[in-house]
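A short write-up of the structure that comes next.
The values are calculated or read from the model by the stated rules, or taken from the named source; none is laboratory data. These figures come from a predicted structure and were not determined experimentally. Glycine gets a Cβ as well: all are built from the backbone with ideal geometry, and neighbour counts include every protein chain shown.
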Amino acid sequence: MPRIERRAEVVWEGNVARGRGLLTSGSNAFSELPLTLATRIGAPEGHTSPEELVASAHAGCYAMSLTNELVRLGRTPERVEVSATCVMDEVGDRHLVVASQLEVRASVGEIDDETFLAAVSEADTGCPISALIRASAEVRIDASLV
């Protein structure tokens, strides 16, 4: 696979407490998503946050990685659902992402739990976003067949 580069841009106006940012992806898949500190630490109110974007990236990357592992085993899944929760907490005098929790539900014909859970583990190892998060935080996975 060739080197991959993706880009996003934020334009921020004002101070951090009362200011506002607009996030746009380089692909224009999304444009001018609003960011504010108030909605980052409180109710989202239709705005996104860096933590939500990390959760989105982790869920998408892991879903592709698990699908790849299952296909490698000759078990094309009917459906893979991944929900990610990015957890940020106070650590000392700052905030850090401390964990990403994945909830995985998959419908895969003719696979036993042991083989499925081995694929879940291999998918985590092969997921670049899991590796990125694991560099400074914990990745937890709750996976089951449906």
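Remark: L22 matches the filter, which requires a residue to be more than 27 Å from T115 (Cα to Cα), out of contact with any His (no Cβ under 7 Å at 6 or more places or on another chain) and part of a strand (DSSP E or B).
The C-beta contact set for the stretch 118-130 (first residue in a helix (DSSP H, G or I), second residue polar (S, T, N, Q), distance under 6 angstrom, 6+ apart or interchain) comprises A123/S65; D124/S130; G126/S65. Cβ-Cβ distances below 8 Å connect the following pairs, each with a first residue in the stretch 91-113 that is at positive phi, a second residue that is part of a loop (DSSP other than H, G, I, E, B), and a separation of six or more residues or different chains: E110/R75. Here M64 passes the criteria (1) more than 22 Å from A131 (Cβ to Cβ); (2) out of contact with any His (no Cβ under 8 Å at 6 or more places or on another chain) except the one numbered (1). Of R105, R75, all but one fail to be part of a strand (DSSP E or B), of a type in the set (K, R), more than 24 Å from I41 (Cα to Cα) and outside the structural domain of T24 (by TED's automatic domain parsing); the exception is R105.
Right, L132: within 19 Å of I4 (Cα to Cα), surrounded by 14 or more Cβ atoms within 10 Å (Cβ to Cβ) and of a type in the set (A, V, I, L, M, F, W, C) or not?
Numbers: within 19 Å of I4 (Cα to Cα): yes; surrounded by 14 or more Cβ atoms within 10 Å (Cβ to Cβ): yes; of a type in the set (A, V, I, L, M, F, W, C): yes.
Here the answer is yes, as L132 does meet what is asked.
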